[in-house]
1. Taking the criterion of being modelled with pLDDT of 85 or more, surrounded by fewer than 19 Cβ atoms within 10 Å (Cβ to Cβ) and farther than 30 Å from PHE93 by Cβ, would at least one residue in region 343-365 satisfy it?
2. Does region 123-147 hold any residues that are out of contact with any Leu (no Cβ under 9 Å at 6 or more places or on another chain) and within 20 Å of TYR163 (Cα to Cα), and which are they?
3. On the basis of being among the hydroxyl-bearing types (Ser, Thr, Tyr), assigned to a helix (DSSP H, G or I) and under 30 Å from GLY120 (Cα atoms), does TYR304 make the cut?
4. Out of VAL207, VAL202, report the one residue that is within 12 Å of THR169 (Cβ to Cβ), of a type outside the set (Lys, Arg) and touching a Cys at 6+ places or on another chain (Cβ under 6 Å).
5. Does ASP264 count as within 20 Å of GLU68 (Cβ to Cβ) and part of a helix (DSSP H, G or I)?
6. Which residues, counting only those in region 290-316, are among the charged types (D, E, K, R) and over 17 Å from LEU280 (Cβ atoms)?
7. Looking at region 367-392, which of its residues are more than 24 Å from TRP130 (Cβ to Cβ) and of a type in the set (D, E, K, R)?
Amino acid sequence: MEWNRLLCGDRIRPIKKREGSQDLRSEFEKDYHRIIGSASFRRLQDKTQVFPLDQSDFVRTRLTHSLEVSSFCKSLGQNIARKIVTDIKDESFDPTYQQDVCDILQCAGLLHDIGNPPFGHFGETAIREWFKEHLPELEYESENGEKRKLTDILNPQMQNDFYHFEGNTQALRVVTKLHYLVDEHGMNLTKALLATIIKYPVSSLDVDKNSPDVCCHKMGYYYADRELFRDIEDSCGLNGRRHPLTYILEAADDIAYRTADIEDSYKKGRISFDMLVRELELRRHEDQSDPEYRSLIESLKYRYGKGIEHGVSDPGEYAVQNWIVAVQGKLIYLATESFVNHYNEIMDGSFGQELLEGTEGKHIVDALGEIAIKYTFTSEPIVKIEVSADRILTYLLDRLVPAAVYYDTDVKLRPIDSRMISFVSENYKKIYHIYSQGKSEEEKLYLRLLLVTDYVCGMTDSYAKRLYQELNGLV
């Protein structure tokens, strides 16, 4: 792969430069302003990170998480781009590319969760499970009374798109189509940025969760977006491989949520300082050879002592918050070194791991993840909320999908179905009609099902909950 192609500043819809324009921003800087000013980005403020529908003003939402990931992306980009110039001395990497790398990564951090449905990762699971259970049962009955199973109409990739539904995949649709601003090209962002947010450069037919190559663990694009994907891939010279900056985005995301989950758990009272130290110590005994891990535990204890010394009201909170910052710094350093050490593999597309894999940072993030699962993700309040989220999403899909099956066909909709379809955004419907023109009946049916997932994924937590309550006469 070549950096002059990887940093492609072209857009899906070319923009003519106006003669005499005083806009001195690079194409990637323009991307940043397009994202920040979008309603899709603002809606992240009411989407779950860890604690669904939480009323606290401290714990993170998808918006604050995305801002943190963006910040880590930029820091990693600065470190890595500088090392490519000074240490690796890759002559194909022009020194002027350093700023472009930082700008692209900063934008990618803002976008990485923009396609997530309401209620966090549990929302993704609920949507996948609904289609696995119900899609094989659904039928399409034509005007002449002929009935066919939807699974007999849709091709295998179309079906698998719903069985493997992912917020990451939805993000590409949001920014390239669904965010209707000027036309059907969404935010019309640069191809380098679009390539960076495609974490998994495979279709739903090629998903292999057991593959040693992490790039195959989830799908990266829908059947509906296959031509768009190929355009991005060809323009950036990827040839079926992951964009190098995607590894950096993934590492920034891991660092942000692994550390934030511990801090949020402490603030919510799910874990105390003593419990955190005990759990970290427990995991230290499993690997006495990890000096970085041992030093971080001592660092946490030291900060508790400093909190007492400073006379703070809660030395545990003081210690955890300051320790989290130190952990983030250490992980950023380790991810940077990993990128440099595996530079040639990353650039030839043979690197199939996450950046922290095989580093001392892997032990750290795994420990933090296990602790968060033990004390937070399986706690009764979270489980109750997830059960409620499942009920909400199941109810909406139960009514929206059957309505969408007959939408835009010669079959007359039932009154209840026409009312359910009326809730779907007119912008989403417009996008459906634009991209369904000239398509086969098979693909139109598939696009109508996507219309439902597009609508549901665009919901905030509050909107989904409110709509459910209103439709059930609970308000």
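The values are calculated or read from the model by the stated rules, or taken from the named source; none is laboratory data. In this text the structure is predicted, and so the values were computed from the model without any measurement. Note: ideal-geometry Cβ built from the backbone for every residue, glycine included; neighbour counts use all protein chains shown.
1. Looking for residues that are modelled with pLDDT of 85 or more, surrounded by fewer than 19 Cβ atoms within 10 Å (Cβ to Cβ) and farther than 30 Å from PHE93 by Cβ, one finds none in region 343-365, hence no.
2. Here is the first cut: in region 123-147, the ones out of contact with any Leu (no Cβ under 9 Å at 6 or more places or on another chain) are 124-125, 128-129, 132-133, 141-147.
Once the filter is applied, which keeps residues that are out of contact with any Leu (no Cβ under 9 Å at 6 or more places or on another chain) and within 20 Å of TYR163 (Cα to Cα), region 123-147 yields GLU124, THR125, ARG128, GLU129, LYS132, GLU133.
3. Working: among the hydroxyl-bearing types (Ser, Thr, Tyr): yes; assigned to a helix (DSSP H, G or I): yes; under 30 Å from GLY120 (Cα atoms): no.
The answer is no for TYR304.
4. Values: VAL207 fails: touching a Cys at 6+ places or on another chain (Cβ under 6 Å).
Unique residue meeting the criteria: VAL202.
5. Details: within 20 Å of GLU68 (Cβ to Cβ): yes; part of a helix (DSSP H, G or I): yes.
Here the answer is yes, as ASP264 does meet what is asked.
6. Residues of region 290-316 among the charged types (D, E, K, R): 290, 292, 294, 298, 301, 303, 306, 309, 314.
Within region 290-316, LYS306, GLU309, ASP314 meet the criteria.
7. Hits for region 367-392 are GLU370, LYS374, GLU380.
Okay, residues lined up against (1) in contact (Cβ under 8 Å) with a residue 60 or more places away in the chain; (2) in a loop (DSSP other than H, G, I, E, B); (3) aliphatic (A, V, I, L, M); (4) in contact with a strand residue (DSSP E or B) (Cβ under 6 Å, 6 or more places away or on another chain):
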position: ASN4; (1), (2), (3), (4): yes, no, no, no
position: ARG13; (1), (2), (3), (4): yes, yes, no, no
position: ASP23; (1), (2), (3), (4): no, yes, no, no
position: SER40; (1), (2), (3), (4): yes, no, no, no
position: LEU44; (1), (2), (3), (4): yes, no, yes, no
